[in-house]
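Following: one structure in structure tokens, then a few remarks.
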Amino acid sequence: MDVAFYQLTSTSMEKTLPKLLEKVYGTNQRAVVLLDSQERLEAVNASLWTYSTMAFLPHGCEKDSAANADRQPIWLTTHFENPNQSDVLVITSGETLSLDDLGFQKCLDLFDGNNETALQQARQRYQFYKQKGDVCSYWRQTLQGQWENPNA
């Protein structure tokens with residue numbers, strides 16, 4: 001499994017996530033976005049509807065369309081699940097999960113790089129996945145909001 005860590009330093013999760021999801025959706029892949037609370041799910045759901053007047057990311061969540069989850073290219077949830085047969089799991093909750101269980105091919109782990117606790121926890125997750133044999137990469141956000149791989 002490929003696990004890519006994204007250290008957010010200059011923009012919020014709600015501003016960063018749509019751009020990453022655009023890339024996933026643009027390659028005809030599906031995504032599950034795992035969020036840490038119902039409040040965060042509602043904030044991300046709202047931001048996906050309003051983040052740009054020039055783009056649209058079709059998505060759903062249990063509250064809106066649980067019966068049609070398999071038809072949604074992007075699924076927002078607070079549970080570790082894969083109801084839309086996604087290739088990509090986006091973790092925003094800081095959890096360490098057994099990624100091979102639900103058929104995901106890639107994982108994007110987004111975390112607040114300005115929070116020392118979140119940064120330390122991300123380092124622990126990176127080591128955990130690396131020791132399991134997963135292919136891990138690390139991306140840090142620049143002040144301009146671009147991504148750089150400091151190890152490259």
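The values are calculated or read from the model by the stated rules, or taken from the named source; none is laboratory data. In this text the structure is predicted, and so the values were computed from the model without any measurement. Glycine gets a Cβ as well: all are built from the backbone with ideal geometry, and neighbour counts include every protein chain shown.
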Going by the structure shown, is THR50 of a type in the set (S, T, N, Q), within 20 Å of VAL135 (Cβ to Cβ) and free of Cβ contacts under 8 Å to residues at least 40 places away in the same chain? no
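Tell me which residues, restricted to the range 35-58, are assigned to a loop (DSSP other than H, G, I, E, B) and among the hydrophobic types (A, V, I, L, M, F, W, C).
Result: LEU35, MET54, ALA55, PHE56, LEU57.
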List the residue pairs whose Cβ atoms are under 6 Å apart, where the first residue sits in the range 113-127 and is among the β-branched types (Val, Ile, Thr), the second is crowded, with 16+ Cβ neighbours inside 10 Å, and the two are 6 or more positions apart or on different chains. none
Is it the case, given these coordinates, that PHE111 is aromatic (Phe, Trp, Tyr) and farther than 18 Å from MET13 by Cα? no
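Go through VAL3, VAL32 for me and flag whichever is within 14 Å of LEU76 (Cβ to Cβ), part of a strand (DSSP E or B) and in contact (Cβ under 8 Å) with a residue 40 or more places away in the chain. Let's see the steps before the verdict.
Values: VAL3 fails: within 14 Å of LEU76 (Cβ to Cβ).
Only one candidate passes the filter, namely VAL32.
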For the range 8-26, state whether one or more residues are part of a helix (DSSP H, G or I), surrounded by 14 or more Cβ atoms within 10 Å (Cβ to Cβ) and of a type in the set (S, T, N, Q). yes
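Considering only residues that are of a type in the set (A, V, I, L, M) and at pLDDT below 90, look in the range 55-74 and name the one that is farthest from the chain's Cα centre (by Cα).
Narrowing the range 55-74 to residues of a type in the set (A, V, I, L, M): 55, 57, 66-67, 69, 74.
Then keep just the ones that are at pLDDT below 90; that gives 55, 66-67.
On the way: ALA55: 19, ALA66: 20, ALA67: 23 Å.
Residue satisfying both the conditions and the ranking: ALA67.
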Scan of the range 96-127 for residues that are among the aliphatic types (A, V, I, L, M) and buried (at least 17 other Cβ atoms within 10 Å of the Cβ), ordered by number: LEU97, LEU99, LEU108, LEU110, ALA122
Sort out which residues of the range 13-36 are of a type in the set (Gly, Ala, Ser) and touching a helix residue (DSSP H, G or I) at 6+ places or on another chain (Cβ under 9 Å), and write them in order of number. ALA31
